[in-house]
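The structure appears right after this line, and notes come after that.
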Amino acid sequence: MNFFAVRAIYMFELARSRRTLLQSIAAPVISTSLYFIVFGSAIGGRMTTIDGVSYGAFIVPGLIMLTLLTESVSNASFGIYLPRFTGTIYELLSAPVSVFEVLLGYVGAAATKSIILGVIILGTARIFVPFDIVHPVWTGIFLVLISVTFSLFGFILGVWADGFEKLQVVPLMILSPLTFLGGTFYSIDMLPPPWRTIVLFNPVVYLVNGFRWAFYGIADVTVAVSLGLTAIFMIVCLGVIAWIFKTGYRLRG
Amino acid sequence: MDPIVVVSNLDKIYASGHHALKSINLEIRRGEIFALLGPNGAGKTTLIGVICGLVRPTAGSVTADGSDIASDYRAARAKIGLVPQELATDMFSKVWDTVSFSRGLFGKAPNPAHIERILRELSLWDKKDSQIVALSGGMKRRVLIAKALAHEPRILFLDEPTAGVDVELRRDMWAMVRRLREQGVTIILTTHYIEEAEEMADRIGVINKGEIVVVEEKQALMRKLGQTTVTIGLKQPLRTSPSDFGERPMTLSEDGLTLSFTFTGEGGEEDGGVADLVKRLAAKGVDFKTINMNRSSLEDIFVDLVGERS
Ligand SMILES: Nc1ncnc2c1ncn2[C@@H]1O[C@H](COP(=O)(O)OP(=O)(O)OP(=O)(O)O)[C@@H](O)[C@H]1O
Ligand SMILES: [Mg+2]
């Protein structure tokens with residue numbers, strides 16, 4: 001195990017976001033705060049509770065999920081895309097490191113950032129709306145599991161992308177809509193019947209609901225399905241990454 | 001001699017179908033400075049890329065200090081340092097950080113004293129806290145060299161280290177290469193400045209269109225393939241045929257005042273019969289004013305070798 005390499009990559013990646021601290025942390029915190037002000041306080045005040053949870057509190061897990069997904073994907077994809085773009089990837093490719101060590105460094109750093117952000121947003125939310133977390137341990141498990149899984153996905157995206165636009169397209173055009181439509185702002189029961197079924201094809205529904213269950217003990221779907229889906233997605237990502245390194249896809253000429 | 005890098009039947013066909021390396025066999029000796037010469041597109045960077053792990057070979061194998069670069073890549077790569085041809089740097093890092101990063105990446109425990117030594121040797125010490133983006137091109141190249149040396153490699157690849165570099169840096173760089181060799185580091189470099197190879201290298205390999213054309217000890221190469229041209233300036237125009245002075249093919253200029261011939265070899269002891277010729281000239285009463293012997297440079301040899309094949 002090349003411990004020094006893992007540490008070097010990990011610290012380098014964290015240092016990269018320290019340089020852009022304002023964008024990395026302030027931007028998501030500000031946008032989430034706006035959601036709480038608009039949806040939580042302004043509109044939420046006129047909404048009834050959902051399963052005994054105030055509307056402001058109801059949207060907290062979904063909004064954190066939105067940040068976790070988009071930040072994990074963009075951080076991890078950018079982390080590996082940048083050296084490909086500038087050419088500094090030569091050093092990584094010529095270094096005595098295994099796939100596992102590379103992942104531990106890049107994905108570990110990206111997931112760390114997401115987890116820190118998730119916790120910060122959780123704290124911010126607490127300022128706007130009062131809530132209590134029913135299953136704190138499960139909340140932590142979901143936080144870590146989802147950050148790691150989507151950082152793995154971001155890593156794949158960063159290896160696949162051949163331009164900056166592609167890096168942005170996936171979080172912006174796919175993840176954000178899926179999360180918005182994935183029950184962040186509503187319970188599936190509030191939808192008219194055909195939509196209630198259609199929405200179940202959106203994988204983010206299961207993530208948001210699993211996370212919400214950890215918070216309040218309520219969910220539209222079974223928590224086991226949420227965990228199972230996340231685990232399957234993680235295994236698929238790991239498989240793709242193993243294949244990338246085996247074939248050298250877009251990394252080695 | 002004990003080889004440190006062994007390349008066996010190496011083939012590389014790029015996805016584009018381009019056959020960049022054709023069954024390359026090459027042994028680099030421990031502790032030598034090996035210059036790899038070849039025209040643009042010959043396959044130098046590709047060959048270095050395969051050895052360092054950047055390019056996947058199509059066939060064949062490579063060992064570095066006894067470790068296979070594929071099956072035992074950890075041991076192999078830990079011993080290799082690479083200064084790439086392209087200036088690829090992490091713009092926003094500081095010099096000290098990026099060099100320390102390299103050391104860690106190659107699995108070595110931090111050693112600030114070593115990093116300081118490298119930075120001082122490369123005249124980068126006063127820039128250690130500068131962002132790389134603020135450095136000049138030559139300084140960036142120094143940073144790349146510092147990064148390659150950070151993990152104390154035993155084999156150093158320099159892919160055109162002196163391209164676009166001023167005289168002073170070039171001199172510094174060669175001084176450093178010599179110092180490294182004294183420490184037992186094996187150095188493989190590519191260059192388009194042939195006088196550089198002539199000055200620095202112990203052995204020279206010429207690659208053209210993906211094939212190794214020749215690998216030779218520098219002196220032997222010059223001896224074997226170098227040509228010496230002898231030009232004799234006569235006082236009076238010569239009227240008789242030059243064949244009167246021996247069997248060797250000689251040419252006489254139109255005005256009959258210059259006699260010249262060429263022989264293979266470096267000159268020196270084997271003088272191609274110059275002394276003999278001079279005696280014959282004297283015996284026939286031919287007076288001369290000048291004798292010039294012109295040894296061909298490595299560059300001429302190189303042009304000959306590569307020209308023949310293209
Ligand atoms: N990734 C690639 N895909 C396809 N062809 C490539 C690739 N990289 C290099 N080549 C081709 O392989 C050949 C050898 O290239 P290489 O870079 O090894 O040459 P070189 O000897 O280093 O040349 P130079 O002196 O210009 O640096 C060239 O014809 C080049 O176009
Ligand atoms: Mg090259």
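Restricting to segment B:153-193, name every residue that is in contact with a helix residue (DSSP H, G or I) (Cβ under 7 Å, 6 or more places away or on another chain) and open to solvent by 10 Å² or more (accessible area, probe 1.4 Å). Working first, answer last.
Taking segment B:153-193 and keeping what is in contact with a helix residue (DSSP H, G or I) (Cβ under 7 Å, 6 or more places away or on another chain), we get B:156-157, B:159, B:161-162, B:164-166, B:169, B:174, B:176-177, B:187, B:190-191.
Hits for segment B:153-193 are B:GLY164, B:VAL165, B:ASP166, B:TRP174.
Go through segment B:91-115 residue by residue and tally those that are outside any loop (DSSP other than H, G, I, E, B), free of Cβ contacts under 8 Å to residues at least 24 places away in the same chain and more than 10 Å from chain A (Cβ to nearest Cβ).
2
Inside segment A:1-25, can you point out the residues that are assigned to a helix (DSSP H, G or I) and open to solvent by 80 Å² or more (accessible area, probe 1.4 Å)? Before the answer, list the steps.
As a first pass, look at segment A:1-25 and keep what is assigned to a helix (DSSP H, G or I): A:3-19, A:21-25.
Selection gives A:PHE3, A:ARG7, A:MET11, A:ARG18, A:ARG19, A:LEU21, A:LEU22, A:GLN23.
With the requirement that a residue be open to solvent by 20 Å² or more (accessible area, probe 1.4 Å), closer than 30 Å to B:TYR14 by Cα and in a strand (DSSP E or B), what does segment B:204-231 give you?
B:GLU211, B:ILE212, B:VAL213, B:VAL214, B:VAL215, B:GLU216
In segment B:131-153, is there at least one residue being modelled with pLDDT of 95 or more, touching a Phe, Trp or Tyr at 6+ places or on another chain (Cβ under 8 Å) and away from every other protein chain (no Cβ under 14 Å)?
No, there is no match, as no residue in segment B:131-153 is modelled with pLDDT of 95 or more, touching a Phe, Trp or Tyr at 6+ places or on another chain (Cβ under 8 Å) and away from every other protein chain (no Cβ under 14 Å).
Would you pick out the residues in segment B:116-141 that are in a helix (DSSP H, G or I) and either crowded, with 21+ Cβ neighbours inside 10 Å or touching a Cys at 6+ places or on another chain (Cβ under 7 Å) (or both)? Let's see the steps before the verdict.
Here is the first cut: in segment B:116-141, the ones in a helix (DSSP H, G or I) are B:116-121, B:125-127, B:132-134, B:137-141.
The answer is B:ILE118, B:LEU119, B:ARG141.
Name the one entry in B:ALA15, B:ALA76, B:ALA42 that is within 16 Å of ligand 1 (Cβ to nearest atom), open to solvent by less than 10 Å² (accessible area, probe 1.4 Å) and out of contact with any helix residue (DSSP H, G or I) (no Cβ under 6 Å at 6 or more places or on another chain). Outline the logic, then answer.
Values: B:ALA15 fails: open to solvent by less than 10 Å² (accessible area, probe 1.4 Å); B:ALA76 fails: within 16 Å of ligand 1 (Cβ to nearest atom).
It is B:ALA42.
Looking at B:LEU144, is it under 26 Å from B:SER93 (Cβ atoms), open to solvent by less than 20 Å² (accessible area, probe 1.4 Å) and assigned to a helix (DSSP H, G or I)? Break it down into steps so the answer makes sense when it comes.
Details: under 26 Å from B:SER93 (Cβ atoms): yes; open to solvent by less than 20 Å² (accessible area, probe 1.4 Å): yes; assigned to a helix (DSSP H, G or I): yes.
In short, yes.
For the subset of segment B:81-90 comprising residues that are more than 7 Å from chain A (Cβ to nearest Cβ) and not polar (S, T, N, Q), which member is most open to solvent (accessible area, probe 1.4 Å)?
Across segment B:81-90, the extreme among qualifying residues is B:LEU87.
Give me the residue from segment B:34-56 that is away from chain A (no Cβ under 12 Å) and in a loop (DSSP other than H, G, I, E, B) and, out of that set, farthest from ligand 2 (Cβ to nearest atom). First the steps, then the outcome.
Residues of segment B:34-56 that are away from chain A (no Cβ under 12 Å), as a first pass: B:34-44, B:47.
Going one step further and asking which of them are in a loop (DSSP other than H, G, I, E, B), we end up with B:38-43.
Numbers: B:GLY38: 9, B:PRO39: 10, B:ASN40: 8, B:GLY41: 8, B:ALA42: 8, B:GLY43: 8 Å.
Out of the qualifying residues, it is B:PRO39.
Among the residues that make up segment A:26-46, is at least one of them under 30 Å from A:TYR186 (Cβ atoms) and not in a helix (DSSP H, G or I)? Quick ask: steps written out before the conclusion?
Narrowing segment A:26-46 to residues under 30 Å from A:TYR186 (Cβ atoms): A:26-46.
From what's left, not in a helix (DSSP H, G or I): none.
Looking for residues that are under 30 Å from A:TYR186 (Cβ atoms) and not in a helix (DSSP H, G or I), one finds none in segment A:26-46, hence no.
Show the residue pairs that are 6+ apart or on different chains and have beta-carbon atoms under 7 Å apart, the first residue being within segment A:76-89 and facing chain B (nearest Cβ under 10 Å), the second being of a type in the set (Asp, Glu) and surrounded by fewer than 19 Cβ atoms within 10 Å (Cβ to Cβ).
A:GLY87/B:GLU86
What single numbered condition from (1) within 15 Å of ligand 1 (Cβ to nearest atom); (2) in contact with a helix residue (DSSP H, G or I) (Cβ under 7 Å, 6 or more places away or on another chain) fails to hold for B:PHE92?
(1)
The values are calculated or read from the model by the stated rules, or taken from the named source; none is laboratory data. Quantities reported herein were computed from a predicted structural model and do not represent experimental measurements. When we count neighbours, we look across all protein chains shown, and the Cβ atoms used for this are built from the backbone with ideal geometry, even at glycine. Just so you know, the surface numbers come from the protein's heavy atoms only, side chains and all, with ligands and any DNA or RNA stripped out. Shrake-Rupley method; radii C 1.70, N 1.55, O 1.52, S 1.80 Å.
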